[in-house]
Each structure stands twice: as C-alpha cells, then as structure tokens.
C-alpha cells in the first residue's frame, strides 16, 4: 500500500521533496475519527511511547512513595534536549532514589540544544548519560525497580518486570493480546511495535477517564497534566513538542518519536492521534502533526507554531528559497473540528 | 506515479522506515541502460550539478589563464567539509585571481567535519564564507568573471553571463532547448531542474569524448580526472563521495547533492547515473548509490564503502539495533554489469 503525501518541500517553482505517511485519529471506543494511509501495519512509536512507559511509575505507587513532582513526571515522558533544566532535575531525582548516573542504561550523546552544546565544548565537558534525551524515562524505570525492590541491573531488558509492566499496560490499552514485535530503541530500552490505529486507540483511552479503571485514569491524568504544565521539560528550548503544547494552551499533550513518529492526547475531545512519516524525517512529522492540530482547531497563533505548519526553507544567506508545508492529501483532508469531534 | 522503495531501514524484526526514489542510467546516445521509478519529472540536481557548473571554467580558458591545478578543479566541483585542506586551497586560489572571501556570494555555515568544527568552537572561531561547502564552485565562477573581464558583482544571479554559460552547457548536453525551471540553491546560486533521464544523459555524454565537441571533451576529461585524483577535496574525511571514488579506484566520479540527489560519471562504460530519493534523505541516497555501483561491479571491497551498502543502525551504547540497506526494488534489480554495459 502506498501512503499519501503528507508533507512537501518546495524550491523555486517546484516541489523538491515529498514525505509520505499515515495518520490515525481514534476515539476511546476504537472507532476512527479520521485516518489517512495504512494505519494497520506495525510501527515502533519510539519516544512517542513514553507517556505509556510512564504508567507503571504512577500506577505502582512509586511516584508517590518518592514524592515525585509534576516536573519529574514530565521528565519521565521526555525526549529532552540535555539543557541544565533537564539534567539538573534528573540528577536530583536519581539521588532521591539512591541511584546515580552509572545506573542509567542509556548511553551518552551530544546535547541537542546548540548553545549548551557549544558551551560544553568550549569548557572541554563531555556529555554523560544524564544528557541522553531519555534519561528521565530511565530514571522512571529505576524508580519503579527501587519501589518494587527488584534488581535494577538489566532493567532495560525485554523480560525485566518493568518492561513487562509497560507491555501489559500497552496490551490493556489496545486490546492486543499477542506479544508485540519489539526492537531496541536508541536508548537501549525495548520499544513495542503496533498499528497506528491501535496506538491512537491507546492514546484516546489515555485521554478518556471513563474508558479506564480508576487507578489508570488517575495515572493518565497526572501524566497528561504534568506534560502540558511543563512542555519545556518534555522537549526543550525551540523544540516542536514544547512549541505545540504551549500554542495549544494545555489542551493537547504531544510527543514526538524518532524516525518521524508523532503522538497526541486530547482529553477535551477524547481523541488520540498517531502519525508516522514513512521515511523517518522529523521535519515532516513536525509539519504534518502541526497541520493536523491546526485542522482540529487546536493550534493557537504563536508564530513558532505557525512556522511549523508552513516552514520557510532558507539558503545560507538567510533568503527564502522554498517552503515546507502540508501536502495535498493533508491540505484537502476533512477533519472534524474539535467541537464537532467532542463526545 | 509512485516510485519504488530504493532503501529500507530496519529495527529488530521490522522495517521501520522506507525511502522511495528513482534512478536513471543512460548512455551517450540517449538510451537508458537501466531505470527505476519516474525519471521524467523535473528535479534539481543541487550539488550534483557541479561538474557541469565547472565546464565554463575549463572551456573559457580561465583555468589555464590562471594555471589552475587539478586540486583547484576538484574544489570547483566540491561540496567540501570545510577542513583546512579545503579552505586553505580556496583562500590561495581567491588570492591568485585577485579576489577575497567577501567576493563570495555564498553564506557561512557550520563546518561539516566534526573534529575541525569542535576545534573552531574551542578557539572561538566563527565559520566564514570559505567554509561554505560551495566556496570552490563560487571561486570557479569568479575565476571565469575575471577571465572574461565581466562584472563579478551579482555573479550568482540567474541572468549573469556565467550562469547563462552553465545553462547553455546543460542545454547542449541534454538537447533541452527550453529554459530550465530554476530555484535558488543553498549557496545562493541558481540550480536548474531537469528529468533524471536527461541529467543521466548529460553525465553519459560527459563520460563519452566522442559524443562531444573536442574542447568540451577535453574539459570534461580534465574535470573527471581532477575529481577522481582528489576525492578528499571533492567531499572530505569520512564523506560518501570520497569513500566511493576511492573504492571504485578512479573508474567513477561521484557527486552527491542536497535533498538526496546523487550523480555518477563512468567513462569506462560511457554511462551516466542520476538518482533522487523522493524525501530528500541523504542517508538513503548514499546507500542506494553505493548499491548501484556494487551492482555494476565497480564498488571495491573497502570496508567504508561496504558499510554504505549495508549500514548498521546503532543505539547510544553502540549496539546494533537494525540496518540500512537497499530495498527490494533495488536488491532484485537486474543491472547489466560494467563489462556487459561497455560499448
């Protein structure tokens, strides 16, 4: 099956590059409010899985036992930029649970926010595991291990209790009983593949308390509230999740994933959104997702958010050479606005 | 028209991302030795145009008037990494023609080779226009302006004599009489769009002396020889063009372009190759192009070159999580080997 063109990049009079992809917008009853392309093939949500991966942290009681703040819960769902606001909080959280950086299973990588990265280079500082964009998620895993009093070595293995708990949550939210196909994520933790339609359903249930057992509904709400209260901790300065959550005024929790996945949770409407660009280009996922939020009537007028919907392509002298924008399939899509979609 | 999957990226048991695209391999008589996908839509070759953009430099007599070395001719065709071996030679060349950095129309951008970039940051050095990957091409344009004694201001404008000369060369090599659609490239120079089949024909003629007037055949051969003699100047340390030209042992001149274009010139067989990945992903263009050279029996056994054909996907701990490889359409393609293709 060929997916439609969700995003196109122009230069001069021509479309220079195109990005195909698929998107599912689901309701908690499993029906689709909207879809484009193949929403049935299994896809790794990558970091878009993080709000689900944080469920055991809340549901186990670990978050309360260690009196985690909303900021720490936001970091558990983060693909952060490695800025001091992120690394200092993760370091303090690790200390609070009696762990340290060497307990993290994720490897170090370059800091994403350039001014901080430049500063580190100037001062001869090397990135640590704290700088890994997933260090908050991993600290969340360690917090559950501590609370459960289970071995924290190998917590990133597919058969470790914390990873089984994540898989169980995902299974319950999607009604998928079979084992999920899985691969190793960039941070060494397992990532579970499932259809866009199924992940959109999981996110719609996440957004809909009455579709969930009470303890899960409470956990989901705390995660949503923490994400929209601290969008700068979920991503970072100038990052799309931070821009989109701010511009939507707290009505949507958004979460980007590697290889151009994007997820959204909309409690106001009881909707979940799952999107994947076929080719893995993050630039296209950002633009397609922003365009969908705009179609839903959720995206505000912040210039940074509008610039994701229609992004200028600049040359090295700063002149506009083209633009990145929603492709015809998405531009012409009829998506019911939030008011109409509301239950 | 949907283009076939030329490259796929796996993670665990699944294909996580795919890259569609098209490729044309042409002979100098205009026939296609091989093609996949839509080779008739106009596409910008971007920096893959550089060997053609260098023709006026040789044909005008400017290269001889300023006694340009093969190294300087290679730099005229380069998308270099901004390493000292590149910038020092471009600076010396500018001085030789009585120009300086401020005459370059391209803007500064970050140096691509990380160790050099890190060093510059440590020493508080800002990139200059010399570091622009196109500074050699622009110095080539300036050299022609000097030789012709025409205004060098606005040499990057579409209607300047040097740009008209480039368009004329491209028109003659493709038999396309109509004006090419054009856009502004990242370096501010015009870039001309044409079908992959037409650009492959231009490259095949470039590779075939008897298809060209004598002065052009000599210019084309000097450009080819300079590129394959100095692959490190055409790209840079660890770059795909440098790796591929070395591994093919001087039998192919290769030139990558932005937004996932790739071009090849093969005098041994009188063939030209033009490839474009629909979505603009350089990772896919490198792998697809390396796979094609391999199918043609040209790619050697250098580990760096083999790693372009099948590239491991690593996580942040350095473990293999998947791989990037030719997709089914390319894996199963029957491309006549070079021996069979030879005229």
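The values are calculated or read from the model by the stated rules, or taken from the named source; none is laboratory data. Since the structure is predicted, the reported quantities are computational estimates derived from the model, not experimental observations. As a convention, Cβ positions derive from the backbone with ideal geometry for all residues, glycine included, and neighbour counts pool all protein chains shown.
Within the range B:40-53, which residues are part of a loop (DSSP other than H, G, I, E, B) and surrounded by 24 or more Cβ atoms within 10 Å (Cβ to Cβ)? Quick ask: steps written out before the conclusion?
Of the range B:40-53, the ones part of a loop (DSSP other than H, G, I, E, B) are B:40-41, B:44-45.
Listed by number, the residues that qualify are B:44, B:45.
Looking only at the range B:301-321, filter to residues that are within 20 Å of residue B:277 (Cα to Cα), in a helix (DSSP H, G or I) and touching a residue at least 40 places away in the same chain (Cβ under 8 Å); which one of those is farthest from the other protein chains (Cβ to nearest Cβ)?
B:305
Any idea which of B:82, B:107 is at positive phi and within 14 Å of chain A (Cβ to nearest Cβ)? Lay out the reasoning, then the answer.
Working: B:107 fails: at positive phi.
Criteria check complete, one pass: B:82.
Taking the range A:178-218, which residues are buried (at least 24 other Cβ atoms within 10 Å of the Cβ), under 19 Å from residue A:252 (Cβ atoms) and out of contact with any strand residue (DSSP E or B) (no Cβ under 7 Å at 6 or more places or on another chain)?
A:205, the sole residue that qualifies.
With respect to residue B:67, is the statement that it is over 25 Å from residue B:194 (Cβ atoms) and assigned to a loop (DSSP other than H, G, I, E, B) true?
Values: over 25 Å from residue B:194 (Cβ atoms): yes; assigned to a loop (DSSP other than H, G, I, E, B): yes.
For residue B:67, the condition - over 25 Å from residue B:194 (Cβ atoms) and assigned to a loop (DSSP other than H, G, I, E, B) - is met.
If residue A:324 passes every condition in (1) within 14 Å of chain B (Cβ to nearest Cβ); (2) within 14 Å of the chain's Cα centre (by Cα) but one, which one does it miss?
Of (1) within 14 Å of chain B (Cβ to nearest Cβ); (2) within 14 Å of the chain's Cα centre (by Cα), only one is false for residue A:324: (2).
Output yes when any residue across the range B:252-264 is on the phi < 0 side of the Ramachandran plot, in contact with a helix residue (DSSP H, G or I) (Cβ under 6 Å, 6 or more places away or on another chain) and part of a helix (DSSP H, G or I), and no when none is.
At the first step, the residues of the range B:252-264 found to be on the phi < 0 side of the Ramachandran plot are B:252-258, B:261-264.
With the extra rule that they be in contact with a helix residue (DSSP H, G or I) (Cβ under 6 Å, 6 or more places away or on another chain), the set shrinks to B:253-258, B:261-263.
Restricting the remaining residues to those that are part of a helix (DSSP H, G or I) gives none.
No, because not a single residue in the range B:252-264 is on the phi < 0 side of the Ramachandran plot, in contact with a helix residue (DSSP H, G or I) (Cβ under 6 Å, 6 or more places away or on another chain) and part of a helix (DSSP H, G or I).
So which residues in the range A:265-285 are in a loop (DSSP other than H, G, I, E, B) and away from chain B (no Cβ under 14 Å), if there are any at all? Outline the logic, then answer.
In the first step, residues of the range A:265-285 are kept if they are in a loop (DSSP other than H, G, I, E, B); the result is A:267-270, A:278-281.
The answer is A:267, A:268, A:269, A:270.
Test residue A:151 against the criterion of being part of a loop (DSSP other than H, G, I, E, B) and surrounded by 15 or more Cβ atoms within 10 Å (Cβ to Cβ), and give yes or no. Working first, answer last.
Numbers: part of a loop (DSSP other than H, G, I, E, B): yes; surrounded by 15 or more Cβ atoms within 10 Å (Cβ to Cβ): no.
Considered against the rule, which asks whether it is part of a loop (DSSP other than H, G, I, E, B) and surrounded by 15 or more Cβ atoms within 10 Å (Cβ to Cβ), residue A:151 comes out as no.
Please go through the range B:168-196 and give me each residue that is within 14 Å of chain A (Cβ to nearest Cβ), outside any loop (DSSP other than H, G, I, E, B) and within 21 Å of residue B:73 (Cα to Cα), ordered by number.
Residues of the range B:168-196 within 14 Å of chain A (Cβ to nearest Cβ): B:178-196.
Now restrict to residues that are outside any loop (DSSP other than H, G, I, E, B): B:182-184, B:190-192, B:194-196.
Matches in the range B:168-196: B:190, B:191.
Inspect all residues belonging to the range A:126-139 and state whether any of them is surrounded by fewer than 20 Cβ atoms within 10 Å (Cβ to Cβ), away from every other protein chain (no Cβ under 14 Å) and not in a helix (DSSP H, G or I).
Of the residues in the range A:126-139, the ones surrounded by fewer than 20 Cβ atoms within 10 Å (Cβ to Cβ) are A:126-128.
With the extra rule that they be away from every other protein chain (no Cβ under 14 Å), the set shrinks to none.
Within the range A:126-139, not a single residue is surrounded by fewer than 20 Cβ atoms within 10 Å (Cβ to Cβ), away from every other protein chain (no Cβ under 14 Å) and not in a helix (DSSP H, G or I).
Filter the range A:1-18 for residues that are within 7 Å of another protein chain (Cβ to nearest Cβ) and in a strand (DSSP E or B); which is surrounded by the fewest Cβ atoms within 10 Å (Cβ to Cβ)?
In the first step, residues of the range A:1-18 are kept if they are within 7 Å of another protein chain (Cβ to nearest Cβ); the result is A:2, A:9, A:11-14, A:16-18.
The next check asks that each one be in a strand (DSSP E or B); those that pass are A:9, A:11, A:14, A:16-18.
Numbers: A:9: 23, A:11: 25, A:14: 16, A:16: 27, A:17: 27, A:18: 19.
Looking at the filtered set, the residue picked out is A:14.
Scanning the range A:85-104 for residues that are surrounded by fewer than 17 Cβ atoms within 10 Å (Cβ to Cβ) and outside any helix (DSSP H, G or I), which turns out farthest from the other protein chains (Cβ to nearest Cβ)?
Looking at residues that are surrounded by fewer than 17 Cβ atoms within 10 Å (Cβ to Cβ) and outside any helix (DSSP H, G or I), I get A:98.
Given the structure, is residue A:56 over 23 Å from residue A:154 (Cβ atoms), crowded, with 19+ Cβ neighbours inside 10 Å and within 20 Å of the chain's Cα centre (by Cα)?
Working: over 23 Å from residue A:154 (Cβ atoms): no; crowded, with 19+ Cβ neighbours inside 10 Å: yes; within 20 Å of the chain's Cα centre (by Cα): yes.
No; evaluated as a whole, the condition is false for this residue.
Restrict the check to the range A:223-237 and report whether at least one residue is within 27 Å of residue A:18 (Cα to Cα) and within 14 Å of chain B (Cβ to nearest Cβ). Talk me through it step by step, then tell me what you get.
In the first step, residues of the range A:223-237 are kept if they are within 27 Å of residue A:18 (Cα to Cα); the result is A:235.
From what's left, within 14 Å of chain B (Cβ to nearest Cβ): none.
No - not one qualifying residue is present in the range A:223-237.
Within the range B:306-328, count every residue that is surrounded by fewer than 21 Cβ atoms within 10 Å (Cβ to Cβ) and either in contact with a strand residue (DSSP E or B) (Cβ under 8 Å, 6 or more places away or on another chain) or modelled with pLDDT of 95 or more (or both).
Counting residues in the range B:306-328 that are surrounded by fewer than 21 Cβ atoms within 10 Å (Cβ to Cβ) and either in contact with a strand residue (DSSP E or B) (Cβ under 8 Å, 6 or more places away or on another chain) or modelled with pLDDT of 95 or more (or both) gives 15.
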